[in-house]
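Working notes for the structure below.
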Amino acid sequence: MRTKEKTLFWLPRILCIGAILFISYFSLDAFEPGPPLGQQILDFLIHNIPSYILILVLILAWKKELIGGIIFLLFGIITSPLVYSLNIHRNHSVKDSLTIVLLITFPFIIIGILFILSHLTRKRSQITIKLPGDSHGT
């Protein structure tokens, strides 16, 4: 595998793990003084449901890059207006709401594109052209 292929193979996986960890970080707000520990743990687990789903998609994308890439791309595109809408109603700032969209959903659009590019690059490198009289592909 050439350097470009290796980079395109590992980059979306590493970025995805980082993005999932970033999303999961927000679930730590479930732990606060007051509520019983059992309730806090339950809240923490519930807050991490999107992370669990993204981990499953990453596992799928690891083996089926094209399918996983499409899912990540769609996830980013579909959730962007949702995240924007939730935040514009909370903070009434277009700039802040767009920044939050860029931080939370845009990485998954990039990750989806990278998985798709990795799939296409690896597929293209596997194609061999047989020339007349050539017993092995070039």
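Read-outs throughout are calculated quantities, based only on the coordinates presented, and are distinct from any laboratory measurement. Treat the numbers as computed from the prediction; the structure is a model and nothing was measured. Virtual Cβ from ideal backbone geometry, glycine too; neighbours counted across all protein chains shown.
May I ask you to list the residues in the stretch 78-112 that are aliphatic (A, V, I, L, M) and closer than 16 Å to G18 by Cα?
L102, L103, I104, I109, I110, I111
I'd like to check which helices (runs of 4 or more DSSP H) are fully inside the stretch 1-105 and have at least 3 residues that are more than 21 Å from the chain's Cα centre (by Cα) and either touching a residue at least 60 places away in the same chain (Cβ under 8 Å) or farther than 30 Å from R122 by Cα (or both).
It comes to 37-47, 65-91, 94-104.
Per-residue answers, yes or no, for (1) over 21 Å from L103 (Cβ atoms); (2) β-branched (V, I, T):
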position: W10; (1), (2): yes, no
position: I20; (1), (2): no, yes
position: S24; (1), (2): no, no
position: I46; (1), (2): yes, yes
position: Y52; (1), (2): no, no
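Report yes if some residue within the stretch 1-10 is among the aromatic types (F, W, Y) and exposed (fewer than 12 other Cβ atoms within 10 Å of the Cβ); otherwise report no.
So far as the stretch 1-10 goes, no, none of its residues is among the aromatic types (F, W, Y) and exposed (fewer than 12 other Cβ atoms within 10 Å of the Cβ).
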